[in-house]
1. Could you tell me which of rounded, prolate or oblate describes the stretch 53-131, using a ≥ b ≥ c as the square roots of the eigenvalues of the alpha-carbon gyration tensor, with rounded for a/c under 1.5 and, failing that, prolate when a/b is larger than b/c and oblate otherwise?
2. Using Cβ contacts closer than 10 Å as the measure, can you line up VAL115, VAL77, VAL52 from fewest to most?
3. Please compute, for the alpha-carbon atoms of the stretch 6-142, the extent along each of the three principal axes and give them in descending order in Å.
4. Under the Karplus relation 6.51 cos²θ - 1.76 cosθ + 1.60, θ = phi - 60°, what is the ordered set of whole-Hz ³J(HN,Hα) values for the stretch 75-91, x standing for Gly and Pro?
5. Could you give the size of the charge dipole of the chain about its Cα centre, using +1 on the Cβ of each K and R and -1 on the Cβ of each D and E, expressed in debye and rounded to the nearest 20?
6. So what J values fall out for the stretch 101-116 if you push phi through Karplus, 6.51 cos²θ - 1.76 cosθ + 1.60 with θ = phi - 60°, rounded to Hz, Gly and Pro as x?
7. Treat the count of other C-beta atoms within 10 Å as a stand-in for reagent exposure and order SER78, SER37, SER125 from fewest to most.
8. Can you show me the helix-derived [θ] at 222 nm for the chain, built from DSSP H runs with n ≥ 4 at -39,500 (n - 2.57) apiece and divided by the number of residues, rounded to the nearest 500.
Amino acid sequence: MYSPILAPVVALVAWTLVMMLWMIVTRFAAMRRKGISLKGRVGSRSGSLEGVIEDEVNWKSHNHTHLHEHPTLFYAVSLALALMDFGGGINLYLAWAYVGLRIAHSLVQATVNIVLYRFILWILSGFCLIGLTVHAAAWLIHHM
């Protein structure tokens, strides 16, 4: 059985991989510019690159980490809605809005990193996530 809500789930996974590639390309270039070898200790953990390579490079890494935090709830509730056969209609719109807002959040954080803009996008995506969760909970209560 196919649920339409799986499309935004796959889209967000794909976006996370785009951010991973962007992070790798920019990070390795920055490490090369600073003379940091992958064989050394500096850079062996991402946090050890803070203050060593440019902030603008680290922003991509920070965002990649963020795409493994808040969105895990999105994946869980979206899969639950898919299993309930409740992944269309308003839930599909909320899921696509969530993905669009997370992509916008990534682009802001990875480029200009203005915290106010990031916060607005984050909170709006949070409202989408709340809506999805309330709908899933209401479905469960109704079908008990």
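Every number here is computed from the coordinates shown, using simple stated rules; none is lab data. Predicted model, so just to flag it, every value in this text is computed and none were measured. Because the Cβ atoms are built from the backbone with ideal geometry, glycine has one as well, and the counts that use them run over all protein chains shown.
1. Since a/c reaches 1.5 and a/b is larger than b/c, the shape of the stretch 53-131 is classed as prolate.
2. By the 10 Å Cβ count, ascending: VAL115, VAL52, VAL77.
3. Taking max minus min along each principal axis of the Cα atoms, the stretch 6-142 gives 60, 30, 20 Å.
4. Residue by residue, the stretch 75-91 yields 4, 4, 6, 5, 5, 4, 4, 4, 5, 7, 6, 10, x, x, x, 4, 5 Hz.
5. 660
6. With coefficients 6.51, -1.76 and 1.60, one gets 5, 5, 5, 4, 4, 4, 5, 5, 5, 7, 10, 9, 6, 7, 4, 4 Hz.
7. Fewest to most other Cβ atoms nearby, the residues stand as SER37, SER125, SER78.
8. -25000 deg cm²/dmol
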